[in-house]
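Below is one structure; the comments refer to it alone.
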Amino acid sequence: MLVGIFNSEDEVAQAAAKKIIDVFDFQPESVLGVATGSTPLPLYRLLREAYQKGTFSLKEGQAFALDEYVGLPVDHKQSYRYFLVNELVGDDKTGLLDENLRTPDGNAPDLADAAIYYDDAVAAAGVDIQILGIGSDGHIGFNEPSCSFASRTHVGALTAQTRQDNARFFASIDEVPTQSITQGLGTIMEAGAILLLATGKNKAKAVKQMVEGPVSARWPATILQHHPQVFVLVDKDAASELELTDYYRQNWDSYHRHI
Ligand code: GLP
């Protein structure tokens, strides 16, 4: 893992945007794995600005979402498809075509079938670079503690902690869905490169576990220690429980001097 520690969430977003823009500069038909939640919002703003300036485009690319709530209508403002369309799709955003944004179907009559269908689509496309956030309980996508490291796209229950964390987007906690359909940890691990973004004190414990803790299903993001190309991009608050910050800064500088 390469850990980049930045002064602000804007700097985190800039570092992430640069890596994504480099990938699409090299290969405009690349496949971007996209996360939801509030953490990537400054990144998506930068990608839209880059599209408007002509320095970046998803017009020839594809995007695959990590996850979707079960049972929310697609036009519900908190459905992840609605969120991602709003952030990325269209000529006034990043040029991404609606048909090239793929999201799991949280309203399918047979959710298990929908999960297999989605997993096959992700695997066939092959994600080149995956954006991830992290839950305060260490989830990535919606892979909650105890999830198998080998899991594929599946339906799972959300923890009380996750529903509490996400209640801020809904009128009340009772409206937060109890289930999701999410790429599995095994699916996510097949991405070519991973950018994990975390900002704010609320993420400090999960970041500490992910980077310095033992690999354990108790903290699902720890599986990323086994991925060869992970960039952990954090602000000072999210980094505040890390022990080896001097080394991480040194290693980050060393890596970026040599590419
Ligand atoms: C959500 C999503 C994750 C996201 C995480 C953190 O529940 N399923 O993909 O990374 O929780 O969200 P936020 O960035 O709003 O803290």
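Quick notes on this structure:
- Rounded accessible area per residue of the range 145-259, 1.4 Å, Å²: 48 Å²
- Simple spin-label estimate for residue 160 and residue 86 in nanometres, 7 Å along Cα-Cβ: 2.9 nm
- Neighbours of residue 182 by Cβ distance under 11 Å: Lys/Arg scored +1, Asp/Glu scored -1, total -3.
- Here the 3J(HN,Hα) profile of the range 199-204, calculated from phi with Karplus coefficients 6.51, -1.76 and 1.60 at θ = phi - 60°, is 9, x, 4, 4, 9, 4 Hz, Gly and Pro shown as x.
- Between the range 109-123 and the range 181-225, the alpha-carbon center distance in angstrom: 23 Å
- The relative contact order of the range 72-208 comes to 27 percent, based on Cα pairs under 8 Å that sit 6 or more residues apart.
- The range 1-129: relative contact order as a whole-number percent, Cα under 8 Å and 6+ apart: 26 percent
- Order by protection proxy (mean Cβ within 10 Å, highest first), peptides 14-22, 161-169: 14-22, 161-169
- With 0.36 nm allotted per residue and the present C-alpha distance subtracted, the residue 247-residue 215 stretch has 9.5 nm of extension available.
- Accessible area per residue, Å², the range 14-62 with all protein chains present, probe 1.4 Å: 45 Å²
- Full-extension gain in nm, residue 97 to residue 38, via 0.36 nm per residue minus C-alpha separation: 19.0 nm
- The charge dipole of the chain, taken about its Cα centre with unit charges on the Cβ atoms of Lys, Arg (+1), Asp and Glu (-1) only, comes to about 580 debye.
- For the range 1-66, the carbon plus sulfur part of the accessible surface works out to 49%, probe radius 1.4 Å.
- In percent, rounded to a whole number, the relative contact order of the chain is 25, using alpha-carbon pairs under 8 Å and six or more apart.
- Overall, the accessible surface of the range 100-259 at a probe of 1.4 angstrom is composed of carbon and sulfur to the extent of 50 percent.
The values are calculated or read from the model by the stated rules, or taken from the named source; none is laboratory data. Remember, it's a predicted structure, so these values are computed and weren't measured experimentally. For neighbour counting, all protein chains shown are included, and Cβ atoms are generated from backbone atoms with ideal geometry for every residue, glycine included. All accessible areas refer to the heavy atoms of the entire protein, side chains included, with ligands and DNA or RNA removed. Shrake-Rupley method; radii C 1.70, N 1.55, O 1.52, S 1.80 Å.
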